[in-house]
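Heads up, the thing below is written out as structure tokens.
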Amino acid sequence: MFHMATFAKAASGWSTVLLLRLLACQAHLHLHPTGSYCGTLDDQAPAHLDFISYDRLHIGISVGGVKVSCQNQKFQWNATTGEIIIMSTGAEAAPCTMSELVVAVKYDSSSNVISVSAMGHDTRLTQQLCHTSSPVVSPAAHTKSQRHKDSSGFGNAYQDEKLIRLPRLNIDPKSVITQGCSHAGDFAHQFHIAFSSLVSGACVFSGQPYHCAVTRFARDYLVPQTNASGVPRCEGCPDDMTLLYDHCKNHPQFVDVGVLPDYVRRSCGQNPIVHKDCIDDPKNLYSARAFLFEPTHDRCYLKGAVANAANLYGQLLQNPENQIKFVNDQPFPHTLPHNDTPYFNHSDPAGYDGPGECLRWVYAPKFGYDSLKWAVDYKKENLFKFNQSEFVDDWGVGLQDEGEIYIPDACKPGEASKRCKLVFGLGFDDNFARYAESNDIVIVAMHVGGHVDRSRFPNACEIQRGLSDVYGQLGSDYSWQSGYHMRTGGRILRRLMGLEGSDTPIVVV
């Protein structure tokens, strides 16, 4: 039973900022249209709009025998008039912009209602858990996935807005690292732990410990579990109760780091492993290396949050002092610093090269690599968009159908291809890519920020914002290899490393 006295005691310790964070998943819904809005036209034909980002939506309308279904449609919202303007983005967008089908769409932020007028029929759509099923493959992704059957060759695929089919490359299997900052840092650390047979290191710029977000510790406060909870699954919590959102980032002093390795070592079963696609044998981590960055003025990951992730690594690696570099003395705010990033409350560039500092550590001579060469301008013609859709098996979990990859000249498939390093993350960072050409490093980016089916995942507020699942909002196996985002990343790496499929040239699809 939930006692108000317990709640009052917990609330008394919260700052206004933390209360706002706790309510963010619910409160932001009425500032602008987001999530799913459903209704019927003249009480007959169904209609729904799914807002998947601040400027993208899905439309589904059936009226007068005409069905309109548009995926990933670009729009603009006029906050003054409430008008939602559907933008034309090519042939696939045409049905959504024909005036006889959609006359007007308006959003009333005060009532959180959308008014739609289509073919002379009017309706008001309300925000709810619309029971619409996600397609196995999005229409756009299906079209793109078929093109490679009749296409070959490649030019500047990125600037031409063409996709390539992700090739098999000559990758040094001991060179694969993950990188990311904030939620992407959480994911980089999470992916490294779960896929330690494929990944040998990580660059974590502001990241919380593996599986920490859903783990209850003795000092944790509990709150009621609702559809607005940012932590829909809590290990060790009573029924109908859950943890404070971001408790590992905002209350790092609550975290008992000593218990965290237990989940890594035991959650999949022991002697034998009983769960498929779970966590690789943690013995793979004995020889791993890690770079962790905790800026002194980070207000998202409070002092000690990243230190806890470093301490978790310290219990899993064989020689932590030699394998872990933990930087916690740089006066930056919450950021992945580049050379031109100023210190907190300053305007001049600080000259701290975060990507370079990390790469010099994980690819240091003591780990068997040549000294890292200086960064150079990367070649735009070597940056490609790849068809991510072939690795995605569910279009309601916030994944896009395109990813990005930078392939240096020396690493392109062919007889003369060199053995190259591989850096994997969420989103493309050109400051990492500046080291790619001179050091034979392939940079690959998986893209999140796609459609989220809120009828199946009502708590997926972070996924709706375009972030990765590091809170269990898509399932209890979110941190295992079987998690929706995790398994997609695993398939991408296996393709690149030649562990799946045959040799594949760069082919435009």
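The values are calculated or read from the model by the stated rules, or taken from the named source; none is laboratory data. Note that this is a predicted model, so its numbers are computed, not measured. FYI the Cβ positions are ideal-geometry reconstructions off the backbone, even for glycines, and counts take in every protein chain you see. Protein only, heavy atoms only, side chains kept; ligands, DNA and RNA dropped before computing areas. Shrake-Rupley method; radii C 1.70, N 1.55, O 1.52, S 1.80 Å.
How about region 105-122: which of its residues are assigned to a strand (DSSP E or B) and within 35 Å of the chain's Cα centre (by Cα)? Show your work before the answer.
So in region 105-122, the residues assigned to a strand (DSSP E or B) come out as 105-108, 113-118, 121-122.
Listed by number, the residues that qualify are Val105, Lys106, Tyr107, Asp108, Val113, Ile114, Ser115, Val116.
Go through region 400-423 and give me each residue that's under 30 Å from Arg465 (Cα atoms) and open to solvent by 40 Å² or more (accessible area, probe 1.4 Å). Reasoning before the result, please.
Going residue by residue through region 400-423, those that are under 30 Å from Arg465 (Cα atoms) are 400-407, 422-423.
Residues satisfying the conditions are Gln400, Glu402.
Within region 456-487, restricting attention to residues that are closer than 11 Å to Val397 by Cα and of a type in the set (Ser, Thr, Tyr), which residue is least open to solvent (accessible area, probe 1.4 Å)?
Looking at the filtered set, the residue picked out is Ser468.
If I ask for residues that are closer than 20 Å to His192 by Cβ and assigned to a loop (DSSP other than H, G, I, E, B), which ones from region 446-474 would you list?
Matches in region 446-474: His447, Leu467, Ser468, Asp469, Val470, Tyr471, Gly472, Leu474.
Is it the case that some residue within region 251-264 is open to solvent by 40 Å² or more (accessible area, probe 1.4 Å) and not in a helix (DSSP H, G or I)?
yes
How many of the residues making up region 195-244 are small (Gly, Ala, Ser) and in contact with a Phe, Trp or Tyr (Cβ under 6 Å, 6 or more places away or on another chain)? Walk me through how you get there before you give the answer.
Going residue by residue through region 195-244, those that are small (Gly, Ala, Ser) are 196-197, 200-202, 206-207, 213, 218, 228-230, 236.
Subsequent filtering for residues that are in contact with a Phe, Trp or Tyr (Cβ under 6 Å, 6 or more places away or on another chain) retains 206, 213, 230.
Final tally of qualifying residues: 3.
Could you say which residue among Asp340, Asp377 is of a type in the set (Asp, Glu), surrounded by fewer than 19 Cβ atoms within 10 Å (Cβ to Cβ), over 27 Å from Val199 (Cβ atoms) and in contact (Cβ under 8 Å) with a residue 12 or more places away in the chain?
The conditions single out Asp377.
In region 282-296, how many residues are touching a residue at least 40 places away in the same chain (Cβ under 8 Å) and over 24 Å from the mean Cα position of the chain (by Cα)?
3
So which of Val231, Val214, Val223 is touching an Asp or Glu at 6+ places or on another chain (Cβ under 8 Å), in contact (Cβ under 8 Å) with a residue 60 or more places away in the chain and farther than 17 Å from Met497 by Cβ?
Every option except Val214 fails the conditions.
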